[in-house]
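Notes to accompany the following structure.
The values are calculated or read from the model by the stated rules, or taken from the named source; none is laboratory data. None of the values given here were measured: they were computed from a predicted structure. Positions of Cβ are generated from backbone atoms using ideal geometry, with glycine treated the same way; all protein chains shown enter the neighbour counts. All accessible areas refer to the heavy atoms of the entire protein, side chains included, with ligands and DNA or RNA removed. Shrake-Rupley method; radii C 1.70, N 1.55, O 1.52, S 1.80 Å.
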Amino acid sequence: MTVPSPHPAVPRASKRRRATLYTALSLLCCSVVMTALPAGASAAPDPRTAASSTASRTAAVAFADEFDGPAGSAVDGGKWLTETGDNVNNHERQYYTAGNDNAALDGQGNLVITARKENPGNYQCWYGTCEYTSSRLNTSGKFTATYGHVESRMKIPRGQGIWPAFWMLGADIGSVGWPNSGEIDIMENVGFEPGTVHGTLHGPGYSGSGGIGAGYTLPGGAAFADDFHTFAVDWAPDSVTWSVDGTVYQRRTPADLNGNAWVFDKPFFLILNLAVGGYWPGDPDGSTSFPQQLVVDYVRVTTGD
């Protein structure tokens, strides 16, 4: 893909300084424990943040992609698998394409996933001829983690029917299926909520609209598409804690699952995607402009004691 990103690029020098600090300094974990919020609740920023954790730990970098490379080049195939096809399960409208057609580096340290209203390959979707293309990447067969700090800094797109996500699936999904595999949604946004992102757990007995999670809303009516933000989970035995820009907004444990099985103490792989339409966000309408782009500065997973 050679279409340039319309979003301001992260200066190269400042990005390298961040990466150096990230690997050289001990990681301050999101160890603040907040009262669990009801599913779907909106959380205002709390003055207690991940950065104010009372205990730090030495981080070991298990996975990192800074998305450095020439403009237009594809993602590192040693780290990411590019999925292809449509998704009837969510009634999404896009066709996920191969190679760098809809996912490419911008030459300035970012991955850009682009959703377009087009169908140059005459792709066929569950509803007929596809109307949109986009990209979905995962680390299945290349990287899995069990516990750690999982983080990405990104600028999300905007618009009715636009659905960016950064999430994880249990690596045993091929044998046990979904939702028994478990799913950890680190960040999801649906375009009709420009100032809110969601973090959710899905598993047996709490899948789909019954997932256990909460929303985080920016103050002052700000939209997430206006700037880069950092989305993370701190994942430990029997707990997952979510944060945005270092502010913890929910923590979930087996006690939140109403007696259902906790399926998050095993390996998971990472997923980045930009969907168009679907049951939750609804379809694009006349107010939705294209192309839309998810700009990813980095993805990092660290572990430590």
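On a 22 Å Cα-Cα criterion, which of the cross-link pairs Lys79/Lys266; Lys155/Lys266; Lys117/Lys142 come out too long? Distance filter (> 22 Å) returns Lys155/Lys266; Lys117/Lys142. Averaged over its residues, the stretch 109-179 has an accessible area of 34 Å² per residue, based on protein heavy atoms and a 1.4 Å probe. Put a plus charge on the Cβ of each Lys and Arg, a minus charge on the Cβ of each Asp and Glu, and nothing anywhere else: the dipole of the stretch 94-142 about its Cα centre is then about 140 debye. Scaled against 2.2 N^0.38 Å for its residue count N, the alpha carbon radius of gyration of the stretch 64-169 is 1.11.
Size descriptors for the stretch 235-305, from the alpha-carbon set: Rg then Dmax equal 17.0, 51 Å.
Taking every protein chain into account, the 1.4 Å probe leaves Thr303 with about 50 Å² of accessible area, to the nearest ten. The shape of the stretch 146-305 can be summarised by an equivalent ellipsoid whose semi-axes, obtained from the alpha carbon gyration tensor, come to 26, 18, 15 Å from longest to shortest.
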